[in-house]
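Reviewing the structure listed below.
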Amino acid sequence: MRKNVMDRFIDSIEWIAAFFVGIVALNTFTAVVMRKFFAVTIPDYYNFGQFLLGILIFWGIAATSYRGTHITVDLIWANATPKYQRWIDVFATSVLLFVVTVQTYTLFDKVVSTYNAHIVTMDLQVPIWPFFLVSWIGDVSAVLLIAVRTYRLIFHPEDIHDAKIKIAE
């Protein structure tokens, strides 16, 4: 199956989220090994871990928002006809789009205020606003993917690649 530009964009967002999972794991593993076997603490590793985890969360929201594979409890949806399932999906995705858009707006304010405040890490004096910026870019990606999902749900439902859920009997 040949992928169009939007499907390749969606896949790249998922790869970026996976990359940050690896970075968080590597940061944690390295810190534990250094402390356990060499009695050395990596400067600012805890701060970097926090910021990287924040980045991972926002990119993870982007990755899971489009696919619809996150954990859900859909008792009403599972018992609805396909027509009503689509209506429920369109409504739920529209609400999600609104919420994540507002979150993206407020996170941008956090990026700007952190930049203006010149906040840095304790040990290495690394500015923290770039971590917030990368998180915000992940949030923008989530908005874009949710908008694409909403569009496809309304106009091209055959293009949605959700996991197949067995309807309740």
| message | Quick check on region 19-42. Is at least one of its residues closer than 23 Å to residue 145 by Cβ, surrounded by 12 or more Cβ atoms within 10 Å (Cβ to Cβ), free of Cβ contacts under 8 Å to residues at least 24 places away in the same chain and among the β-branched types (Val, Ile, Thr)? | response | no
Subset of region 31-52, residues polar (S, T, N, Q) and in a loop (DSSP other than H, G, I, E, B), comes to 41
Restricting attention to region 48-66, the residues that are modelled with pLDDT of 90 or more and not polar (S, T, N, Q) number exactly 11
Residue match in region 44-54 (condition: open to solvent by less than 70 Å² (accessible area, probe 1.4 Å) and without any contact (Cβ under 8 Å) to a residue 12 or more places away in the chain) = no
Check your understanding: more than 15 Å from residue 65 (Cβ to Cβ) and over 18 Å from the mean Cα position of the chain (by Cα) - does that describe any residue in region 94-112?
Key -> yes
Taking region 116-165 and keeping only residues that are open to solvent by 70 Å² or more (accessible area, probe 1.4 Å) and of a type in the set (Phe, Trp, Tyr), one is left with 129, 151, 155
From the option list 65, 94, 113, single residue qualifying as free of Cβ contacts under 8 Å to residues at least 12 places away in the same chain and either assigned to a loop (DSSP other than H, G, I, E, B) or open to solvent by less than 60 Å² (accessible area, probe 1.4 Å) (or both) is 113
Of those in region 68-87 that are at pLDDT 85 or above and in a loop (DSSP other than H, G, I, E, B), the residue most open to solvent (accessible area, probe 1.4 Å) is 79
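The values are calculated or read from the model by the stated rules, or taken from the named source; none is laboratory data. Nothing here was measured: the structure is a model prediction, and the numbers come from that model. In this analysis, Cβ positions are derived from the backbone assuming ideal geometry, glycine residues included, and neighbour counts consider all displayed protein chains. Each accessible area value is taken on the protein alone, full model and side chains, heavy atoms only, with ligands, DNA and RNA left out. Shrake-Rupley method; radii C 1.70, N 1.55, O 1.52, S 1.80 Å.
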